[in-house]
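See below for the structure under consideration.
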Amino acid sequence: MKNDSHSEKASNAILVVWEDKYITGIKTIDDQHRQLFDLTNQLYNACLANENELDKEFKEAMHAMVKYVHFHFDAELKFLHAVNFPECHHHKTMHDGLIKDILAAVNDYNEGKKFVPNNFVRILREWILSHVAFYDKQYSAFVHEQIKIGLLSENNLNEIEKSIS
C-alpha cells in the first residue's frame with residue numbers, strides 16, 4: 001500500500017531518516033515502517049507548502065497518513081497476536097493513543113487552529129522514532145528469541161508475514 005502521488009508535488013525536505021537501528025528483522029514490518037517514515041516526510045513537506053497550497057497539501061498528506069497508520073497498526077497487531085507477544089495489549093494501547101492524537105490534530109486543523117500542521121508533524125516524528133526504535137524492538141527481540149528456542153520457525157514467521165501484507 002503506497003501513495004507516491006503526493007511526493008511528486010512536495011519538496012524533498014527530510015524530517016525523519018530511516019536507519020538500520022530501526023530494523024526489526026521482520027521484513028513486512030520493516031517495509032511498512034519505511035513507508036511510515038516516507039509519509040511522515042510527505043506530511044512535513046506539506047507543512048512547508050506556501051500558504052495558498054498548505055490546506056490542500058496538508059489534508060492530502062494527513063489523509064494518506066491516517067489511512068496508512070490504520071493499515072499498519074492492524075497488520076502489526078495481527079502479527080503480534082499470531083506470534084503470541086505477551087505485551088500485545090499494551091502495544092495496541094500505544095497505537096490507539098497515536099490514532100487519538102491524529103484525529104485530534106485533524107479536528108483542530110479543521111476548526112482553523114493555526115500551527116497544527118507543524119506541531120503535529122513534530123509530535124508524529126517523535127512518536128514514530130521512539131516507538132519503532134524501542135517498543136517495536138521489544139517484539140522483534142521476542143520473535144527472534146522464540147525462533148532461537150524453537151517455539152517459532154522461520155517458515156512460521158514467513159507465513160505470518162504473508163498473512164499481514
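The values are calculated or read from the model by the stated rules, or taken from the named source; none is laboratory data. Every value quoted in this text rests on a predicted model; they were computed, and no experiment measured them. Positions of Cβ are backbone-derived with ideal geometry, glycine not excepted, and every protein chain shown enters the neighbour counts.
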Next item on the list: Test Asp136 against the criterion of being modelled with pLDDT of 90 or more, touching a Ser or Thr at 6+ places or on another chain (Cβ under 6 Å) and of a type outside the set (A, V, I, L, M), and give yes or no.
Entry: yes
Note to self: Considering only residues that are of a type in the set (S, T, N, Q) and in contact with a Leu (Cβ under 9 Å, 6 or more places away or on another chain), which ones fall in segment 58-97?
What the structure shows: Asn84
Check: How many of the residues in segment 95-124 are surrounded by 17 or more Cβ atoms within 10 Å (Cβ to Cβ) and assigned to a loop (DSSP other than H, G, I, E, B)?
Finding: 0
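Which one of these is surrounded by 15 or more Cβ atoms within 10 Å (Cβ to Cβ) and farther than 14 Å from Lys78 by Cα: Tyr139, Tyr135? Write out each step before concluding.
Working: Tyr139 fails: farther than 14 Å from Lys78 by Cα.
That would be Tyr135, the only listed residue that is surrounded by 15 or more Cβ atoms within 10 Å (Cβ to Cβ) and farther than 14 Å from Lys78 by Cα.
Of all the residues that make up segment 143-164, how many are in a helix (DSSP H, G or I) and surrounded by 17 or more Cβ atoms within 10 Å (Cβ to Cβ)? Reasoning before the result, please.
Within segment 143-164, the first condition is being in a helix (DSSP H, G or I), and the residues that meet it are 143-148, 154-164.
Filter once more, so that each one left must be surrounded by 17 or more Cβ atoms within 10 Å (Cβ to Cβ): 143, 146, 157, 160-161, 164.
Count: 6.
Condition check ((1) under 30 Å from Asn156 (Cβ atoms); (2) of a type outside the set (Gly, Ala, Ser); (3) touching an Asp or Glu at 6+ places or on another chain (Cβ under 8 Å)) across all residues:
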residue	(1), (2), (3)
His33	yes, yes, yes
Asn41	no, yes, no
Tyr44	no, yes, no
Leu48	no, yes, no
Leu54	no, yes, no
Glu57	no, yes, no
Met65	no, yes, no
His72	yes, yes, no
Asn84	yes, yes, no
Check: Of these, Lys67, Lys113, which one is modelled with pLDDT of 90 or more, of a type in the set (Lys, Arg) and farther than 30 Å from Leu151 by Cα?
Finding: Lys67
Next item on the list: Sort through Lys21, Lys92, Lys27 and tell me the only one that's within 15 Å of the chain's Cα centre (by Cα), surrounded by fewer than 17 Cβ atoms within 10 Å (Cβ to Cβ) and in contact (Cβ under 8 Å) with a residue 40 or more places away in the chain.
Entry: Lys27
Check: Applying the selection to segment 41-80, what residues are without any contact (Cβ under 8 Å) to a residue 60 or more places away in the chain, assigned to a helix (DSSP H, G or I) and small (Gly, Ala, Ser)?
Finding: Ala61
Check: Quick check: is even one residue across segment 87-108 out of contact with any helix residue (DSSP H, G or I) (no Cβ under 9 Å at 6 or more places or on another chain), farther than 21 Å from Ile23 by Cβ and charged (D, E, K, R)?
Finding: yes
Check: Pairs, please: C-beta under 6 Å, at least 6 apart or cross-chain, first residue touching a residue at least 40 places away in the same chain (Cβ under 8 Å) and in segment 136-165, second surrounded by fewer than 16 Cβ atoms within 10 Å (Cβ to Cβ)?
Finding: Ser140/Gly25; Ile164/Lys78
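Going by the structure shown, is Phe71 among the aromatic types (Phe, Trp, Tyr) and more than 16 Å from the chain's Cα centre (by Cα)?
Working: among the aromatic types (Phe, Trp, Tyr): yes; more than 16 Å from the chain's Cα centre (by Cα): no.
Criteria not met by Phe71.
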Check: Quick check: anything in segment 125-135 part of a loop (DSSP other than H, G, I, E, B) and in contact (Cβ under 8 Å) with a residue 60 or more places away in the chain?
Finding: no
